[in-house]
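Rule-based calculations on the coordinates, nothing more; no lab input. Being a predicted model, the structure only gives us computed values, none of them experimental. All Cβ positions, glycine included, derive from the backbone under ideal geometry; neighbour counts span all protein chains shown.
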Amino acid sequence: ARRASVPRSCRGPHQPAGRFGRRIVQTAVSLFGLDLQPGQSIFVPRQAINRDPARFDDPDRFDVMRTQRRHFSFSHGAHLCLGHAVARTNLQEGLRVFLERCQEITLVEEPVRVPFVPDEQLKSLCIRFRAQTPSTITAR
């Protein structure tokens, strides 16, 4: 379950860095009932990435037990983040250590977000947990 929680954490409850992307139409195309012409600008709201209710049940709820679906947290294809493997490894190891050392984790209050910033930032995230003493942690 811990290993499976890493990709779900990447899709996570957070928003992607940068709120939108601007693209210039290169070839005339009709999409979603719109006729787009070369040279026109379109804005892609990145907040919608990984939030499609047709793809994810209750997409805004963070659920590590959710059925795995492909997500775009590190983009895709030619735009795939070069550091995606390092990010996943760091998250996997950090999550493993945190869960081994902390028990009875509860959210004390709702997270407070910093508004109107280009990336997702938390002003506060208050949790309570019972830490294991070093002598009770099992070595791997």
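If only the Cβ of Lys and Arg carry +1 and only the Cβ of Asp and Glu carry -1, the dipole of region 47-120 around its Cα centre is close to 380 debye.
Here is the list for region 64-109: trypsin sites (Lys or Arg not before Pro) lying in DSSP coil, each with at most 11 other C-beta atoms within 10 angstrom of its C-beta, are 70.
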